[in-house]
1. Would you kindly derive the ³J(HN,Hα) couplings of the range 335-347 from the backbone phi angles with the Karplus curve 6.51 cos²θ - 1.76 cosθ + 1.60 (θ = phi - 60°), listing them in order in whole Hz, with x for Gly and Pro?
2. So how strong a dipole does the range 183-316 carry about its Cα centre when Lys and Arg Cβ are +1 and Asp and Glu Cβ are -1, to the nearest 20 debye?
3. Rank Ser404, Gly472, Cys42 by how far each Cα sits towards the positive end of the charge dipole of the chain (+1 on Lys, Arg Cβ; -1 on Asp, Glu Cβ) and give me just the farthest.
4. Residue farthest toward the positive end of the dipole of the chain, with Cβ of Lys/Arg at +1 and Asp/Glu at -1: which of Leu439, Val18, Ile220?
5. Can you list the trypsin sites (Lys or Arg not before Pro) in the range 386-473 that are in a DSSP coil and have 15 or fewer other beta carbons within 10 angstrom?
6. Return one number: the angle in degrees, 0 to 90 and rounded to the nearest 10, between the long axis of the Cα atoms of helix 100-122 and the longest principal axis of the Cα atoms of the chain.
7. Using only Cα atoms, find the angle between the long axis of helix 280-289 and the longest principal axis of the chain, and express it within 0 to 90 degrees, rounded to the nearest 10.
8. For a Förster distance of 35 Å, can you work out the FRET efficiency between the beta-carbons of Leu248 and Glu51, rounded to the nearest 0.05?
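The values are calculated or read from the model by the stated rules, or taken from the named source; none is laboratory data. Note that the structure is a prediction, hence the values are computed from the model and not measured. A quick note on method: Cβ atoms are made from the backbone with ideal geometry, for glycine too, and the neighbour counts reach across all protein chains shown. Please note that ligands, DNA and RNA were not included when accessible areas were found on the heavy atoms of the full protein model with its side chains. Shrake-Rupley method; radii C 1.70, N 1.55, O 1.52, S 1.80 Å.
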Amino acid sequence: MALCGGVGAMALPSELIVHIFSFLSDRDKLRASAVCSRWRECLFYPALWTELKLRIGGGGCSSSDETPKLEFLMRKFGSFVRELQLEMDQPPGPDSDPQHTERWRNAVATYLDQVLCVFTSIRNNRNLQKLSLYGDTYILQQEGQLDGSHLHLIHQGDKKINEIQQLFMEVLSNSRQLRWLSCSFMLGLVTPCSLSCLSNPSAETLQHLSLLDHQLGPLISPSELDRLSNLRSLALDFTDFTSELCGLLTSPRQTPLHRLSLLLNGATLEFKSLEGTATEDDWKALVRVSTNLRVYIMALEVDSSELLRVLKPSLPLERLHLDSYSMLVTDATLELISQQYNKTLTHFLLLRDSPDFPDLSVNRNEDPLVLLAWRCTQLAVLVIHGYTVWSHNLVAISRLRGSSLRVLTVSEESIDFDPDQPVYVEGDPVHNLVKEVSLGLGRVWQPCLDSSVVLSEPTQHFHHELHAFSMGM
């Protein structure tokens, strides 16, 4: 090891300094690089930057000011980084400001420039093993569905999108050991031709694939899926998971699938039909081959009649997230869920962002959520907002599942009290409810006072949740 003259930290070998700096966060590493030229040299050692997590764009006033910093980072590390996670920043809330359109243009222009910067830097990276991309659909669709017809509003918008698509295909073509590829709602980044550029070595090593964009048709063809012989985790739009794709996953050449995440978006059903999606027989065949398969489904603004079409009995459903603004989930749907998936369901989220709170139960003593908690013996996470939950039923849920229910999140607005029930009769009903639910769960419990905690942006939640779900293979 080469020693350097001086005393104290300056006398340490470079290898030891690099090891010490490996315990710092990325932000602290960059701050430490300003101390002296020797530290700067040590801090830009490739071993310290195997993983980069970047947040870009978002339309904030300083978004474009961050571009030089991003260019510096990517120039230094883009050619050798092994894991890259790229996300759009949280956008500003909507308003009626006349400058709204101009802010939208600036946000998308900044987004395009920064994505170009990132992909230009990693285009020749052969060490890349994980690439995770998420674009915030909210900001990119503030003027409706953002497609080619909107890009003329952005300076050189069409040209930049084409450049980004070409660079993305170059990244896939030059990769040699890609194990994780996730691309969700990235403004036209992925085309139906993109995956055909994936190199043969990466097609052999790829274990997770996530392609989501509810504005386009299928992003993966049967021939491209057939190349991915070691795929263990897959995430697609529900309408893209066809009977043919499902059949390919049962091939003896394929590694058994462990995790499958599917997004069913009611808005896309207007132009993407459920016809041709996996049938009950397809699911049975897949489960026979992939015995450890677990499925996660998010249904966003989907009518109950459509839900009943897709929730096949043989589907090994572990996580279900029903999210809506106006659509109502019926008690019949909950009845079917609790009966069909009583042995597999572990996570159930029932959310509705509306000022009214409908009652799911036919009568207050036959609540479908209580029946679900009783039947689904593996239930560990239950989140409810936007529907009326009677306090005595909430107590019943906590007692039925006890400490095995690791997460019970119910917004305060969703809870109502029946004057005829014991929890209401004596003393403060809220205090009594908190006490009884805490006793049932075996830990301190409180209702959720801030509904924004549970009402996160649905597609962003799905992106993060499928990541955690798939990492648990």
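1. Taking θ as phi minus 60°, the curve returns 4, 5, 4, 5, 7, 6, 10, 5, 9, 10, 5, 10, 10 Hz for the range 335-347.
2. Details: 10 positive and 15 negative charges, 119 e Å.
Dipole about the Cα centre, nearest 20: 580 debye.
3. Sorting the options by dipole projection puts first Cys42.
4. Positive-most Cα among the choices belongs to Val18.
5. Details: sites: Arg399, Arg401, Arg406, Lys435, Arg443; in loops: Arg406, Arg443.
Passing both the DSSP loop test and the Cβ count: Arg406, Arg443.
6. So the helix axis and the longest Cα principal axis differ by about 60 degrees.
7. Taking the Cα atoms of the chain, the angle to 280-289 is about 60 degrees.
8. Working: r = 32 Å, r/R0 = 0.92.
Efficiency computed from Cβ-Cβ geometry: 0.60.
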